[in-house]
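Structure, as C-alpha cells:
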Amino acid sequence: MIPARLESSRFPNKILTEINGKNMFVAVYDIAIRSGLFDKVYVATHNEEVIKICEELNIDSIVTNSNHVCGSSRVFEAARQINEEWDIVVNLQADQPFLPVAYLESVLRGIKTNPISTIGYLDSDNKNPNTVKIILDKENSGIYFSRYPIPFSVNNENIERYCHLGLYAYKREFVESYAGNFQSALAVNESLEQLDFIYHGYKIDVELVSNPIPEVNVPEDIQEAKRLGLL
C-alpha cells in the first residue's frame, strides 16, 4: 500500500516530481511490482490528480478520507476496505523512489514477535532531524524513535546509534484492531507516527540493513539525488 498525498508541508506536490521519466509515486509503485513480493499493490489517496494518474496507468487505487494525519492512518483505512484474503500489508512511502527491492524483503523478513516491523541502519554520527533515530532493546525491537540523536551519552563516549527508514509492515489483525488515532502526545510532539504505536504499548521489530537510501523530504534532496547519479 502506497499512501499518497500532495499536501506535504516541506515539499508540496513532491510525489509528482519526475523521477527518471515517471511521477515519483509511480516509480515507487514500479519498485513494489518489480519485487514480486506482493499479491496486490495499491495507491491510497484522496487527491483527484493522483487518482487520475492511476486510472491512466491502470494502477489500482483506493480512495481514502482527506483528513489523515499520517501515512499509517491512510494505509489502515485503505487496508480495511480490502475484502480479499491477506495477512500482511506493507506501507511503502510514496517519496522513496530509490528503495532497493532487498529492503522490501527485509521488512517482511523482520516481522516476528511484534505486529509491526520496520528497518534501520547504523549511523552513529547522524544529527539531521529529518533522519529519525531508534533505541533498540536486546531483541532488536524499537522501543523509542526520535528526531534527536538518541541515546544520549553522559560521558560523551562513542556509542552506537541507529537510524530509521520509513518503511513498515503490519499484520492484518493489528491493522483491523488498532484503536489509536495517531495523535498521542508522543506522536504529535515529534511528528512521528510510529510513536503512536509505542504510546499504546507496542514494540516494533527492527530489521537492520547495511546502508541508508536517499530519501526525498525537501527539494534539496532532489539535487542530492542528481549529484549521486540517481537521476
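The values are calculated or read from the model by the stated rules, or taken from the named source; none is laboratory data. Worth saying up front: this structure is predicted, and the values here are computed from it rather than measured. Please note: Cβ atoms are built from the backbone with ideal geometry, for glycine as well, and neighbour counts cover all protein chains shown.
Residue-wise test of (1) under 23 Å from residue 188 (Cβ atoms); (2) of a type in the set (Asp, Glu); (3) assigned to a helix (DSSP H, G or I); (4) touching a Cys at 6+ places or on another chain (Cβ under 7 Å).
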residue: 8; (1), (2), (3), (4): yes, no, no, no
residue: 30; (1), (2), (3), (4): no, yes, yes, no
residue: 67; (1), (2), (3), (4): yes, no, no, no
residue: 83; (1), (2), (3), (4): no, no, no, no
residue: 94; (1), (2), (3), (4): yes, no, no, no
residue: 98; (1), (2), (3), (4): no, no, no, no
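Can you tell me which residue among 195, 186 is free of Cβ contacts under 8 Å to residues at least 60 places away in the same chain, under 22 Å from residue 136 (Cβ atoms) and within 15 Å of the chain's Cα centre (by Cα)?
195
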Practice item. Please work out if residue 59 is touching a Lys or Arg at 6+ places or on another chain (Cβ under 8 Å), among the β-branched types (Val, Ile, Thr) and modelled with pLDDT of 95 or more. Key: no
Review point. So residue 195 clears everything in (1) closer than 29 Å to residue 13 by Cβ; (2) modelled with pLDDT of 95 or more; (3) surrounded by fewer than 19 Cβ atoms within 10 Å (Cβ to Cβ); (4) touching a Phe, Trp or Tyr at 6+ places or on another chain (Cβ under 8 Å) except one condition, right? Which one?
Key: (3)
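Hey, among 216, 209, which residue is within 22 Å of residue 94 (Cβ to Cβ), crowded, with 16+ Cβ neighbours inside 10 Å and out of contact with any Leu (no Cβ under 8 Å at 6 or more places or on another chain)? It would help to see each step written out before you state the result.
Numbers: 209 fails: out of contact with any Leu (no Cβ under 8 Å at 6 or more places or on another chain).
Within the list 216, 209, the selection yields 216.
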Check your understanding: List pairs: first in region 6-21 and in contact (Cβ under 8 Å) with a residue 40 or more places away in the chain, second of a type in the set (S, T, N, Q) and assigned to a strand (DSSP E or B), Cβ under 8 Å, 6+ apart or cross-chain?
Key -> 15/23; 17/23
